[in-house]
1. If you check 285, 219, which single one turns out to be hydroxyl-bearing (Ser, Thr, Tyr), at pLDDT 95 or above, within 25 Å of the chain's Cα centre (by Cα) and more than 30 Å from residue 139 (Cα to Cα)?
2. Between residues in region 76-93 that are more than 18 Å from residue 139 (Cβ to Cβ) and residues that are surrounded by fewer than 18 Cβ atoms within 10 Å (Cβ to Cβ), which pairs lie under 6 Å by C-beta distance while being six or more apart or on different chains?
3. If you go through region 203-250 one residue at a time, how many are touching a helix residue (DSSP H, G or I) at 6+ places or on another chain (Cβ under 9 Å) and not in a helix (DSSP H, G or I)?
4. Do we find a residue being in a helix (DSSP H, G or I), exposed (fewer than 14 other Cβ atoms within 10 Å of the Cβ) and more than 24 Å from the chain's Cα centre (by Cα) anywhere in region 36-52?
5. Does residue 157 fit the bill of being open to solvent by less than 10 Å² (accessible area, probe 1.4 Å), within 21 Å of residue 243 (Cα to Cα) and free of Cβ contacts under 8 Å to residues at least 40 places away in the same chain?
6. Could you please find all residues in region 230-242 being buried (at least 20 other Cβ atoms within 10 Å of the Cβ) and modelled with pLDDT of 95 or more?
7. Restrict the check to region 56-67 and report whether at least one residue is free of Cβ contacts under 8 Å to residues at least 24 places away in the same chain, open to solvent by less than 50 Å² (accessible area, probe 1.4 Å), over 19 Å from residue 33 (Cα atoms) and out of contact with any Gly (no Cβ under 6 Å at 6 or more places or on another chain).
8. Could you grab me the full set of residues in region 48-106 that are of a type in the set (Val, Ile, Thr) and under 13 Å from residue 27 (Cα atoms)?
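The values are calculated or read from the model by the stated rules, or taken from the named source; none is laboratory data. Quantities reported herein were computed from a predicted structural model and do not represent experimental measurements. Please note: Cβ atoms are built from the backbone with ideal geometry, for glycine as well, and neighbour counts cover all protein chains shown. What goes into the accessible areas is simple: the full protein's heavy atoms, side chains included, and nothing from ligands, DNA or RNA. Shrake-Rupley method; radii C 1.70, N 1.55, O 1.52, S 1.80 Å.
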Amino acid sequence: MEVKRRTARLLVTRLGSVSEQTRSESLAELRLMTKNDAESRPIIAEAGAIPYLEETLYSSSHDSQDNAAAILLNISISSRDALMSTRGLLDAISHVLRHHATNSSPFAVQSSAATLHSLLVDDSYRPVIGAKRDIVYSLIEIIKRPNSPPRSVKDALKALFGIALFPLNRASLIGLGAVAALFSLVLKDGRVGIVEDATAVIAQIAGCAESEREFWKVSGVKVLEDLLDVGTGSSERVKENAVGALLNLVRYGGGGVVKQVKEMGPGAVEGIRDVVENGTAKGKSKGIELLKVVEGGAKEWDFAMNTRELPSVEC
């Protein structure tokens, strides 16, 4: 362990060298260490690497930017507190994401979004990151851009999902245009895993009062109904996400959205039943509750809505 500490201190010291080649070589070695040796990650953080890595995210060298972003991602797995306590780190990540279409390398963008997702595993960081509107806006822009690499889109969606897990972030996501961007992905993007990840975020965002109007603008209930229809061939995960989204819409919306949900076609109802029979434990529970709304439980549901505050559905 002491050898690892000495090695880490030496490499971190070299990050401050005036020689670009020395800095680049040190970054490459640190990247390999943090990739292959989990024990080295907190040691490298304790050796003072994070401020140097943060600064390197602004580098015009794509190789250096890639290595710094990869090291930060690896460190985030076991040293989240060290990252979040470093002043300016989120600003540096925001810089990479903000320039996703111009100066930032695609790999650095992907690693930075993945680092956010890793940090958001800790629920205490969700309000902090969600309050960084520049980060949220950049993540939404990544999924909106037609030629964003699939990996960038998936990593951005995972970060958005983590942000949306904190209920007070959802209105901000909606205000920055997340609903239209997410439904556009669902309708137009056939890349593997994209629809699954997009609907997971949609299910969370539906859990706030501001969602009903924005979902109405994009015919959200109809899109979710189509995803549930057994004839569309949606994956089980997509169907579970659609159920969660509709349930959240009913919980937080008004009579209009309840009416829309109750009027869904038999194909969608069959899709809900499929989730009840074959879904995960969470999916089954949500499916049963949604079926109560669809199949004549309106009076009981209205009474519940008027007498208690319902929590959002987490997917």
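1. Working: 219 fails: more than 30 Å from residue 139 (Cα to Cα).
After ruling out the rest, the residue left standing is 285.
2. Hits for this filter: 78/42; 79/42; 80/122.
3. So the count comes out to 10.
4. Going through region 36-52, the residues in a helix (DSSP H, G or I) turn out to be 36, 40-46, 49-52.
Imposing the further condition that a residue be exposed (fewer than 14 other Cβ atoms within 10 Å of the Cβ) reduces the set to 36.
Subset that is more than 24 Å from the chain's Cα centre (by Cα): 36.
Yes: one or more hits.
5. Details: open to solvent by less than 10 Å² (accessible area, probe 1.4 Å): yes; within 21 Å of residue 243 (Cα to Cα): yes; free of Cβ contacts under 8 Å to residues at least 40 places away in the same chain: no.
The answer is no for residue 157.
6. Looking only at region 230-242, we keep the residues that are buried (at least 20 other Cβ atoms within 10 Å of the Cβ), and these are 234, 238-242.
Answer for region 230-242, where residues must be buried (at least 20 other Cβ atoms within 10 Å of the Cβ) and modelled with pLDDT of 95 or more: 238, 239, 240, 241, 242.
7. In the first step, residues of region 56-67 are kept if they are free of Cβ contacts under 8 Å to residues at least 24 places away in the same chain; the result is 59.
Pick out the ones that are also open to solvent by less than 50 Å² (accessible area, probe 1.4 Å) and you get 59.
From what's left, over 19 Å from residue 33 (Cα atoms): 59.
Still in the list and also out of contact with any Gly (no Cβ under 6 Å at 6 or more places or on another chain): 59.
Within region 56-67, one or more residues are free of Cβ contacts under 8 Å to residues at least 24 places away in the same chain, open to solvent by less than 50 Å² (accessible area, probe 1.4 Å), over 19 Å from residue 33 (Cα atoms) and out of contact with any Gly (no Cβ under 6 Å at 6 or more places or on another chain).
8. Of region 48-106, the ones of a type in the set (Val, Ile, Thr) are 50, 56, 71, 75, 77, 86, 93, 96, 102.
Hits for region 48-106 are 50, 56, 71.
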